[in-house]
Every structure is written in structure tokens, then in C-alpha cells.
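Novice: Have a look at this one before I ask anything.
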Amino acid sequence: MTRLPPLDPAALSGGQKALYDKILSGPRGQVAGPLEAMVLCPAAGDPLQELGGRLRFDGVLPGKLRELAILVAARFWSAQFEWHAHARIAREEGLDEAVISAIAEGVAPHQASPEERIVHDFCHELHEAHGVGEETYVKAVELLGQEAVIELTVLSGYYTTVSMILNTFQVLLPDGIKPPLGPR
């Protein structure tokens, strides 16, 4: 059971309704999952969802690398809703099913491209060790570029926050969807 009340647009305060309408009319086209919590706290939720939108729709990382990074965060936090939403997007962006399955199982995706592998290794190391070692960092900059590595770090932090929101407020999966991730 979710800890959030159902969103009723007619019952939202002025700031909440403005944020609700902003998200609804933007590229996401819906207010679901973590966005529901963000709407209920617009002072924090608006800049947070704005950052997420920029990372997702205006970032420098190619879509499949962005989604791979999101899946690593979702797996680390066992964020079921996030995994459910972004595994589908990762497939649409061209990420191989074997890579998605490896991340779900908590193992390194050995069949990944060099760029996919460094994104996985960078993000996995960042989450697990709370930092990135010199070898991983240098390789990431060589393969992806400095700007992409900065974006990858911010993306990991953003989706950590999203995962914390999902887990704290026990945001439910859509009806009929079983939790896609097993225990970590």
C-alpha cells in the first residue's frame, strides 16, 4: 500500500496544481510514480523534476547509455517502479535484453559494448563504493568525454533520489504488474 494519498487535481493547492499541470503538459505527458510525490511538495518537487527532465530529454548521453545508468541505480536501490518504467525505455532505446537481464541479476553485463560496460562499471562503482576509482574514471572520460561523465554522475544522484522517493513512499507498480526485481 502506498503512503501517498491519491492525486486529485481538484484538491491540489495552487503550487501543487501548477506543478501537476506543468508535468502533464511536458514531454512526460503524465504524473505517475515519483512525480506524484514531487507534486505534493512543489518547492522541492519542481526543481527536482526539472532536473530529471533535462537529464532525460536534453542530456548529452545517448539514450541507451542513460537508461543503462538508470537501471543500475534502480537495481542498487531495488526500486521496482523505476525498474519497471525504465527497462521498457531501455529496450526502446536499443539496449540489448542480455544487458538488461544481467543488471537485473546483479552481475556485470559482459556482452555489453565498451561504452555500455564503462557506464555500468562507473555507476555500479559509484553506488557500491560511494565514489569512482582512478582507473574507472579515466576510462570513462576516454570513452564518453568529460561532460558525459559529469552528467552520468548527476544522473546517478538524481535516480538515487527518485529511488529513495519510490521506496520511502512505497509507490505502487501499475495494476497487474508483479515486482520485476528479486532481492539484491
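Read-outs: derived from the displayed coordinates by stated rules, not from any lab. Bear in mind that the values here come from a model prediction, so they are computed numbers and not experimental data. Glycine also receives a Cβ, built like all others from the backbone with ideal geometry; neighbour counts cover every protein chain displayed.
Novice: Name the lysines eligible as straight-distance cross-link partners of LYS64: C-alpha to C-alpha under 27 Å, and not fewer than 8 places from it in the same chain.
Specialist: Qualifying lysines at Cα under 27 Å: LYS22, LYS139, LYS178.
Novice: With 10 Å bins from zero, work out the P(r) of the chain over every alpha carbon pair and list the percent per bin.
Specialist: With a bin width of 10 Å, the distribution comes to 9, 37, 35, 16, 3, 0.
Novice: Convert each backbone phi in region 158-168 into a coupling constant with the Karplus relation 6.51 cos²θ - 1.76 cosθ + 1.60 (shift: θ = phi - 60°), then list the ³J(HN,Hα) values in order as whole Hz, x for Gly and Pro.
Specialist: So the Karplus estimates, Gly and Pro as x, are 4, 6, 5, 4, 4, 5, 5, 4, 4, 6, 5 Hz.
Novice: Could you work out the local net charge near GLU134, counting Lys and Arg as +1, Asp and Glu as -1, over the other residues with Cβ closer than 14 Å to its Cβ? The partial results should precede the final answer.
Specialist: On the way: positive: LYS139; negative: ASP121, GLU125, GLU135, GLU142.
The answer is -3.
Novice: Roughly how far apart, in whole Å, are the Cα centres of region 13-57 and region 66-82?
Specialist: 20 Å
Novice: In straight Cα distance, which aspartates and glutamates are under 14 Å from LYS17, not counting same-chain residues fewer than 8 positions off?
Specialist: ASP8, GLU36, ASP46
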